[in-house]
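As structure tokens, the structure follows; a few thoughts come after it.
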2 protein chains.
Amino acid sequence: MSVKAYMADLGQRARQASSTMAAATTETKNNALAAIAEQLDNTREQLRQANGEDLESGRANGLEPALLDRLELTPARIDDMIEGLRQVAALPDPCGEVTDLRYRPSGIQVGKMRVPLGVVGIIYESRPNVTIDAASLCLKSGNATILRGGSEAINSNRAIAGCIARGLEAVNLPADAVQVVETTDRAAVGELITLAEYVDVIVPRGGKGLIERIARDARVSVIKHLDGICHVYIDDAADLAKAHAIALNAKTHRYGVCNAMETLLVAASVAAECLPPLVQAYGDKGVELRGCSATRELLPQVAEATAADWSTEYLAPVLAIRVVADLEAAIAHINRYGSRHTDAIVTEDYSRARRFLAEVDSSSVMVNASTRFADGFEYGLGAEIGISTDKIHARGPVGLEGLTSQKWIVFGDGHIRQ
Amino acid sequence: MSVKAYMADLGQRARQASSTMAAATTETKNNALAAIAEQLDNTREQLRQANGEDLESGRANGLEPALLDRLELTPARIDDMIEGLRQVAALPDPCGEVTDLRYRPSGIQVGKMRVPLGVVGIIYESRPNVTIDAASLCLKSGNATILRGGSEAINSNRAIAGCIARGLEAVNLPADAVQVVETTDRAAVGELITLAEYVDVIVPRGGKGLIERIARDARVSVIKHLDGICHVYIDDAADLAKAHAIALNAKTHRYGVCNAMETLLVAASVAAECLPPLVQAYGDKGVELRGCSATRELLPQVAEATAADWSTEYLAPVLAIRVVADLEAAIAHINRYGSRHTDAIVTEDYSRARRFLAEVDSSSVMVNASTRFADGFEYGLGAEIGISTDKIHARGPVGLEGLTSQKWIVFGDGHIRQ
């Protein structure tokens, strides 16, 4: 079978399974999640073996140590997958929720009912645990899923797919509700993202290159995450103790994450007071600093920032620092160089906090809190399938609700349009 | 200037204007709508003249009478545009609405704030009044807009664009917030739908051919409306008086609209009782009927339906009729042949009404009401920019809210992630 025919077949099966999934009760879906967890727990030895094959070919193919590490299914990671399934089972079911049900002057009653999107395609790279994370969120939200993991994890993913299929069948749900693409042919991705008839949305998880390619070529809607160039702006009216704590936390709590601060903006009038102790603290943590000329006048030990620094996502212990005239300049900098991900102001001034909230065009805008809070768990979504930097459909952390849509429902008693 | 450069320039101006629009107060936006209405009212003579030029070239180019009719700006239609602006001004402003603001265990307070999408591109055909309808909704929702109307209405659209620009300037909003594409070069559409850097969403309004082409080639998200193949299912447990009224209204209230019923489904056990009077009533209205074999056994005067009839949007006094075994067969028919637009069940049975609501995968699902109610005004949206048959972002009638997005907002008191 050609890759084209194979993927179309997968799509058709997923579409078929999606109606059963949409009609499945909360109890059935939760039982499926528990059954999958049980399957994982009972097949640890096979999982380890399959994963061993992947690790072996990875080593033979000269995969980098960091990638080999991501690929490995340690007993602790299997425990995490099982725990993740239980957590998703414990989340409220978003499907069927009815809101805004109101009588209209015509006498009809109109509201909205939350429903699954249908078929979700997930494209990801080496971590095999994403197979379980993504499958569980799609399952709980009543969707059918097609999962395309990295070719270097193919044996692990097949073994996990077997657990999912047996778990689904144990509760009489169709195994086609979660399908793992079995071919490592790269053309499969190109097919998946153009199956507009069978796939409702694509969620890519991986490096920026992968996501840009998918967004460019997709004929299906994509919920995507590009850069995380996050800012903290220390305003004239900031409480400098809060500013110090937030600016330090936003940069140094974790470096390789999308909600870490990459550029610190400081109002000129407080720079001389707040920057020196901050620069000292960053130095203690080993953070490399790159500053604008005003920063370097105060602190000559800081390296010189180039224009490129303002639009770089370091994902590393590197920080750009810029002194700005005022709130207006800070907002202009963020809206120009930022990636519309997460930005925070530190201020005690009511009107400036309001202006920052209204005018910064990012998926998360914060007052007096660290950008590191931009996260599905911290926001109370329970779990996240990703963080969207788009404005259409889902913005910011995407949880179960982002995998659903709302349809209109109308109740009448024989009402006709006059 | 090339079309490419011209459109990129428009896009850049729109993007720039969009931040001013996003920050504009409700009062300023309402004043702009009033000022535009005043401009229209004061320039009736110029509008009539510009429109006369379009009508003249339309006639010279052999435009069909129906299209010439749509193109004409009669005094009554100018009144309607003015009244439309006032109605949009009276609608609540969706921007800045904060919902779900809750404290999290970490101590931060997390909620969502409704914000404009940014730049909306509207592509439409001959009716010049769409220029005002679309511009007013985008303006009220805080977006900048690029409007690309039909080339046959170019003089009318330019004249209307002048009114809009003067109205915006009268309240100190940037004229670039609403731009009308001045070139009739068809390449402009291709450019507009691929300006991903400057345009956030495209709303095409027109025939299915236009919309399919745009959806295929766009690199920007599209809120689109394809078919309206709507169904009414008369269940075994229907109140037959309600069924008669609804089935008649759904088909005959208006024919050329997307929410008119195109196929009537009738449960076998009530077909003999309810079909004959309905067929009589349709006959009185001059509706051409095409039935399945079971329908024709009961009523031999009904023509034979072919398979193609089940998936045809007639937009005309034509109706397909099919007798189905039961609720399950009706749902299967609708999910297979329908267009996920609007479908209704007539029943007094509680459980079947619930099943129909849950399992019919359409943007509007109704119980005991005519499909003709699927409309932004009837649903209380105040106005609609279109009806989406997609599931992503906006589904069904799209009003001001569909032109907005939600960003996350976080309030802390110096909170950092532990």
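The values are calculated or read from the model by the stated rules, or taken from the named source; none is laboratory data. Fair warning: this is a prediction, and the values are worked out from it, not measured in the lab. Cβ sites come from the backbone with ideal geometry, for glycine too, and all protein chains shown count toward neighbours. Remember, those area values only see protein heavy atoms, side chains included, never the ligands or the DNA or RNA. Shrake-Rupley method; radii C 1.70, N 1.55, O 1.52, S 1.80 Å.
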Mean-square fluctuation maximum in Gaussian network of chain B, Cα pairs under 10 Å, restricted to B:Val110, B:Val365, B:Val279, hits B:Val110
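Ranked from highest to lowest mean number of other Cβ atoms within 10 Å per residue, what is the order of the peptides A:165-175, A:220-230?
Details: A:165-175: 18.2, A:220-230: 22.5.
Packing order, densest peptide first, comes out as A:220-230, A:165-175.
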The ³J(HN,Hα) series, computed from each phi in the range A:123-129 with the Karplus coefficients 6.51, -1.76 and 1.60 at θ = phi - 60°, rounded to the nearest Hz and given as x for glycine or proline, is 10, 9, 9, 6, 5, x, 5
With -39,500 (n - 2.57) per DSSP H segment of 4 or more residues and division by the full residue count of chain A, the 222 nm estimate, nearest 500 deg cm²/dmol, is -13500 deg cm²/dmol
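Magnitude of the Cβ-charge dipole of the range A:366-409, K/R +1 and D/E -1, about the Cα centre, nearest 20 debye?
Numbers: 4 positive and 5 negative charges, 32 e Å.
My answer is approximately 160 debye.
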Hull volume per residue for chain A, using the convex hull of the C-alpha atoms, in Å³ is 176
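On average, how many beta carbons from a partner chain sit within 10 Å of the beta carbon of a residue in A:367-378? Walk me through the numbers on the way to the answer.
Values: counts 7, 7, 13, 7, 2, 4, 10, 4, 1, 0, 2, 7.
Mean number of neighbouring Cβ atoms from other chains: 5.
Please report the net charge: other residues with Cβ closer than 14 Å to the Cβ of B:Ile234, K and R +1, D and E -1.
On the way: positive: B:Lys242, B:Lys251, B:Arg322, B:Arg352; negative: B:Asp235, B:Asp236, B:Asp239, B:Glu273, B:Asp326, B:Asp343, B:Glu348, B:Asp349.
Neighbourhood net charge equals -4.
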Per residue, accessible area of chain A with a 1.4 Å probe, heavy atoms of protein chains only, in Å², comes to 39
For chain B, longest principal axis from Cα atoms; helix B:75-90 axis from its Cα atoms; angle between them, nearest 10 degrees, is 80
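Placing +1 at every Lys and Arg Cβ and -1 at every Asp and Glu Cβ, with all other atoms neutral, what dipole size does the range A:44-144 have around its Cα centre, in debye to the nearest 20? Working shown, then result.
Numbers: 12 positive and 15 negative charges, 144 e Å.
Using only the charged Cβ atoms, the result is roughly 700 debye.
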Rounded to the nearest 100 Å², the accessible area hidden between A and B, summed over both chains at a 1.4 Å probe radius, is 5500
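Can you give the Rg to Rh ratio for the range B:164-281, taking only C-alpha atoms and Rh from Kirkwood?
Details: Rg = 22.8 Å, Rh = 18.5 Å.
Taking Rh as the inverse mean 1/r over Cα pairs, Rg/Rh reads 1.24.
Could you tell me which of the pairs A:Lys224/B:Lys224; A:Lys29/B:Lys391; B:Lys29/B:Lys208; A:Lys251/B:Lys112; A:Lys391/B:Lys140; A:Lys242/A:Lys391 are separated by over 28 angstrom between their Cα atoms in the structure shown?
On the way: A:Lys224/B:Lys224 20 Å; A:Lys29/B:Lys391 22 Å; B:Lys29/B:Lys208 33 Å; A:Lys251/B:Lys112 25 Å; A:Lys391/B:Lys140 18 Å; A:Lys242/A:Lys391 31 Å.
Violating the 28 Å limit, Cα to Cα: B:Lys29/B:Lys208; A:Lys242/A:Lys391.
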Under a Gaussian network model of chain B whose springs join Cα atoms within less than 10 Å, the largest fluctuation of B:Ile164, B:Ile108, B:Ile122 belongs to B:Ile108
The answer for A:Leu101, listing residues at least 5 apart or on another chain whose modeled amide H is closer than 5 Å to its amide H, is A:Lys112
Toy charge model, Lys and Arg Cβ at +1, Asp and Glu Cβ at -1: the range B:92-233 dipole around Cα centroid in debye, rounded to 20, equals 340
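Looking at the square roots a ≥ b ≥ c of the eigenvalues of the Cα gyration tensor of the range A:293-388, which shape do they give, rounded for a/c under 1.5, prolate if a/b is larger than b/c, or oblate? Numbers along the way, then the final one.
Working: a/c = 2.09, a/b = 1.39, b/c = 1.50.
Oblate, since a/c reaches 1.5 and b/c is not below a/b.
Using only Cα atoms, figure out Rg for the protein assembly as shown and give it as a multiple of 2.2 N^0.38 Å. Mind dumping the intermediate values first?
Values: Rg = 28.7 Å, N = 836, 2.2 N^0.38 = 28.4 Å.
Scaled against compact globular proteins, the figure is 1.01.
Considering just Cα atoms, how many Å³ per residue does the convex hull of the range A:128-181 enclose? Don't skip to the end; give the middle numbers.
Numbers: hull volume 3.2 nm³, N = 54.
For the range A:128-181, the hull spanned by Cα atoms encloses 60 Å³ per residue.
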Long-range amide H partners of A:Val201, meaning residues 5 or more apart or on another chain whose placed amide H is closer than 5 Å, are A:Val119, A:Gly121
Among B:Gly396, B:Gly111, B:Gly376, the residue with the largest mean-square fluctuation in a Gaussian network model of chain B built from Cα contacts under 10 Å is B:Gly111
Among A:Ala196, A:Ile223, A:Thr306, the residue whose Cα sits farthest towards the positive end of the charge dipole of the range A:183-306, when +1 is placed on the Cβ of each Lys and Arg and -1 on the Cβ of each Asp and Glu, is A:Ala196
Rounded to whole angstroms and listed largest first, the alpha-carbon spread of the range A:230-373 along its three principal axes comes to 35, 30, 26
Note on chain B: contact order normalised by length, alpha-carbon pairs under 8 Å, 6 or more apart, percent, works out to 18
Helix A:240-252 sits off the longest principal axis of the Cα atoms of chain A, rounded to the nearest 10 on a 0 to 90 degree scale, by 50
For A:Gly291, the residues 5 or more places away or on another chain with a placed amide H closer than 5 Å to its own amide H are A:Ala303, A:Glu304, A:Ala305, A:Ile321
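Within the protein assembly as shown, what whole-number % of the accessible surface is contributed by carbon and sulfur, with the 1.4 Å probe and all protein chains included in the calculation? Display every interim value, and only then the final one.
Working: 15310 of 32760 Å².
Using a 1.4 Å probe with all protein chains present, the protein assembly as shown comes out at 47 percent carbon and sulfur.
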Check: C-alpha center the range A:204-247 vs C-alpha center the range A:28-53, spacing in Å is 34
Helix A:268-285 sits off the longest principal axis of the Cα atoms of chain A, rounded to the nearest 10 on a 0 to 90 degree scale, by 60
